[in-house]
1. Cut-off under 20 Å on the C-alpha distance; same-chain residues fewer than 8 positions from LYS300 excluded. Which lysines are left, in chain and number order?
2. Cα-Cα over 18 Å: which of LYS99/LYS439; LYS95/LYS439; LYS226/LYS343; LYS95/LYS453?
3. If we sort 436-443, 466-473 on the protection proxy, mean other Cβ atoms within 10 Å, highest first, what's the order?
4. Per residue, how much accessible area does region 235-282 have with a 1.4 Å probe, in Å²?
5. Stretched out fully, how many nm does the piece from GLU16 to LYS129 gain, at 0.36 nm a residue minus the Cα gap?
6. Looking at this model, which pairs from LYS85/LYS231; LYS85/LYS129; LYS231/LYS347 are more than 24 angstrom apart at the alpha-carbon?
7. Report the FRET efficiency, 1/(1 + (r/R0)^6), for TRP492 and CYS358, where r is their Cβ-Cβ distance and R0 is 30 Å, rounded to 0.05.
8. Which one of LEU80, TYR109, ILE97 is farthest out on the positive end of the charge dipole of region 61-111, using unit charges on Cβ (Lys, Arg +1; Asp, Glu -1) and the Cα centre as origin?
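The values are calculated or read from the model by the stated rules, or taken from the named source; none is laboratory data. Computed from a predicted structure; not experimentally measured. Virtual Cβ from ideal backbone geometry, glycine too; neighbours counted across all protein chains shown. When the accessible area is computed, the model is the full protein with side chains, heavy atoms only, and any ligands, DNA or RNA have been set aside. Shrake-Rupley method; radii C 1.70, N 1.55, O 1.52, S 1.80 Å.
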Amino acid sequence: AFLYTYILRRLWIEWEVFIKLRHEFLIDGDTSFDRRPSYMRKFRNSVMVECIPPSHRSDKSLRQVFESLFPGQIQHAEMLIDTTKLERILAKRQKLISKCDSVDARYKYMQWYDEKHQKKKPTEPPIVKEGGYCCGVDGEKTLALPYYENKLRDEDENAQELYDYIVEARLRNRNDSFVNRRTDSLSGSKHGTSPGLQELLVPERIQKLFGKEEEFFSGTGIVEFKSIATKQTATQCNLSGQSYWMITSEAPDPRDILWVNISVDRRVTDIRNVIVQVLLFAGLLGWGTINTYITSIVNKAVEGAGVKEGFLYGFLPVGLITLILIQIPNLFFALAKRVIRFKSLSKVDEFTLLWNTCYRLTNIFFVFFSVSLLEAVQCFRDDPDRFITTLSAGIMRQSTILMNMMILATGIETMLQLLQWRSIIKNTLCRPLCHLNSKSSRFVSWLNECPYKEQSFLFGYFAPVLSYGLIIALIYSFTAPIMLGVCTVFFWTA
């Protein structure tokens, strides 16, 4: 009774802290925002419009459509440009700059080293192989610095030429659609038909290599309203009565937009989302089989080594499953960002949160049964009483495995988060093995900066771990009191 009273008291204290912060957020919004009133007004009154047909892909056409729906309520309307080609050139240019700086820093360090040790032989300039086959095999040797400088100059010219073209075309086509209108109308456009398998499954870059026409404007735009009430009306109803035509949603935070995905059609994104989720659900059905297979194989290997009890027998299979659960969010994150191609990081995080939670909670169920979900459903349909009896027996029998999982979650997952393991590994490997005096300032800056996934709190990675621990604590709160102590240590650490 004392333990439960203490837990409820701690929950009440945390709730008092949370509700105060929640009220401040609802009044003032995100404090990390630009606090200028004009910026806040633009963000709060804006919507993102997707599935804009080619016949309406201009600032003037987009504004006319929304002016006809909300007369006198439109402050500004603007189409977003497909700049993926320019971004690829700039990314290639940045790699050349990094290589050039690295070679230059290494060469200057060797000159200083030779001069310090009074070597009579002059320092040889760095060499690179130009052309040839893969990775410069059989290529012609040339001086590295002039080679990279010439390459960089070419990329500068390409980037400047494309940038000038974008600016000129943006100004020229502000009031007229950039593409031919011959096949599009309000009632029928290519956005009203389903995309083919090529558009769904083949990457856009490969499609362009085989002659796909590259459009200047993407199918996405931003519309700013004069009032929040009108903006909310636009986001909560179907404006045209048609599917996949002028779909409106809350404009994401500019820091949240994934610009590399901004030109992807909404219909393609939704269909890919369905396909990926079906595949993940199929994997969820078979997760129990995988779990059981890993446990049996590891236990047989441990028993073959002559160990039938002790640390290895109890923790090794649990440790392997825990490592899989730690890494599996990376798969979900990559699927959402690079396959489905959501337009905002929040959508990617939401997708990761959903499936990471599903796999973790399903893992608890499979630990109880040690069978696949299909076999469990079949057992429940054939004999419900036997299903309940098996479940109760599994809960008591597998308590040790789940306790080991909570111990490992405390000692591995939460501790790795606290230690910021990505930064530790990067600095542990690079600083002793690399001579920093021979590295460029860009490399040193990269070494000192925080890794991408440690710069913000991604719910899809961290929140499911807490749900996992909470469910286990609730299940064993009365049947195995020692589990409460283990879960308390886990939550205190987390």
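1. LYS308
2. With Cα atoms farther than 18 Å apart: LYS226/LYS343; LYS95/LYS453.
3. Highest mean packing first, the order is 466-473, 436-443.
4. 50 Å²
5. Additional length available on full extension: 34.2 nm.
6. From the list (LYS85/LYS231; LYS85/LYS129; LYS231/LYS347), the Cα-Cα distance tops 24 Å for LYS85/LYS231; LYS85/LYS129.
7. My answer for the efficiency is 0.70.
8. TYR109
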